[in-house]
Amino acid sequence: MRILLVEDEKKIAGFIAKGLKEEQYAVDVASNASEALFNLSVYEYDLIITDIMMPGMDGFEFIRKFREAGKKIPVLILTAKDSVDDKIFGLDSGADDYLTKPFAFAELLARIRALQRRPSTFVEKLEVADLVLDAVSHTVSRNGKKIELTPKEYSLLEFMLRNKGRVVTRTTIIEHVWDMQFDSDTNLVDVFISYLRKKIEPRSSTPLLHSVRGVGYILEERDSF
């Protein structure tokens with residue numbers, strides 16, 4: 001899951017971004033609304049977390065602008081403005097949730113998970129054949145045996161499982177699993193797919209992660225003949 005964090009205070013932005021990355025989220029940070037709007041015109045995001053009080057365009061106007069552009073990305077306002085009127089105005093401006101500072105990081109993570117669950121396609125336990133990923137406990141197993149993955153391998157597998165049965169291009173994988181610091185000209189996606197295969201496909205098991213030549217990858221169970 002790739003998140004855009006819009007926060008002008010560097011220390012707060014650094015703290016939030018670090019915590020989210022430790023939870024296997026890819027995070028891009030924008031220091032103002034104009035920078036955030038540019039990011040939205042270039043990259044794809046699964047969630048936006050934004051402050052309200054920022055130099056130049058404030059968070060309310062920022063939300064209205066990209067909502068008017070037709071973007072339906074879930075938005076969580078994270079701000080020190082805690083009046084009832086501010087909360088009502090923020091939600092009416094197009095935000096999906098509103099959390100005030102100071103906040104408990106565990107609550108922020110819970111709010112993010114709640115926003116993830118809103119689409120009807122969201123499930124907390126993802127499966128294909130005997131491979132199971134639990135998105136709440138961040139555990140992976142195959143045939144009942146636990147598989148240890150690095151944070152990036154886990155994020156890659158979760159994304160592939162949420163798109164099982166669909167061909168996913170390398171570009172799409174980059175946009176949802178890596179942040180803007182990623183060099184798209186490298187073969188890092190292919191390298192991590194290789195790492196993942198070695199862990200989720202022991203020699204005696206059925207292959208699940210398949211290459212689609214010239215396009216990308218697909219995760220699915222195929223009949224063996």
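I need the full set of residues from the range 81-95 which are of a type in the set (A, V, I, L, M, F, W, C) and surrounded by 15 or more Cβ atoms within 10 Å (Cβ to Cβ), in order please.
Passing the criteria: PHE89, LEU91, ALA95.
Can you go through ILE73, ILE77, ILE49 and tell me which one is in a loop (DSSP other than H, G, I, E, B) and either of a type outside the set (Lys, Arg) or not assigned by TED's automatic domain parsing to the domain that holds GLY19 (or both)?
That would be ILE73, the only listed residue that is in a loop (DSSP other than H, G, I, E, B) and either of a type outside the set (Lys, Arg) or not assigned by TED's automatic domain parsing to the domain that holds GLY19 (or both).
Residues in the range 5-41 that are in contact with a Leu (Cβ under 8 Å, 6 or more places away or on another chain), of a type in the set (A, V, I, L, M, F, W, C), more than 22 Å from THR150 (Cα to Cα) and outside any helix (DSSP H, G or I): how many?
3
Working only within the range 212-223, note down all residues that are surrounded by 13 or more Cβ atoms within 10 Å (Cβ to Cβ) and over 16 Å from ASP130 (Cα atoms).
Residues satisfying the conditions are GLY216, TYR217, ILE218.
Inspect the range 97-105 for any residue being farther than 30 Å from LEU157 by Cβ, touching a residue at least 40 places away in the same chain (Cβ under 8 Å) and either of a type in the set (A, V, I, L, M) or part of a strand (DSSP E or B) (or both) and give the result as yes or no.
no
Identify the residue in the range 108-133 that is at pLDDT 90 or above and of a type in the set (D, E, K, R) and, among all such residues, is surrounded by the fewest Cβ atoms within 10 Å (Cβ to Cβ).
So, considering only residues that are at pLDDT 90 or above and of a type in the set (D, E, K, R), the one surrounded by the fewest Cβ atoms within 10 Å (Cβ to Cβ) is GLU127.
Pick out the one residue from THR171, THR206 that is touching a residue at least 60 places away in the same chain (Cβ under 8 Å), β-branched (Val, Ile, Thr) and over 22 Å from ALA114 (Cα atoms).
Working: THR171 fails: touching a residue at least 60 places away in the same chain (Cβ under 8 Å).
From the options THR171, THR206, the qualifying one is THR206.
The values are calculated or read from the model by the stated rules, or taken from the named source; none is laboratory data. From a predicted model like this one, the values you see are computed outputs, not experimental measurements. With ideal geometry, Cβ positions are generated from the backbone for all residues, glycine too; neighbour counts draw on all protein chains shown.
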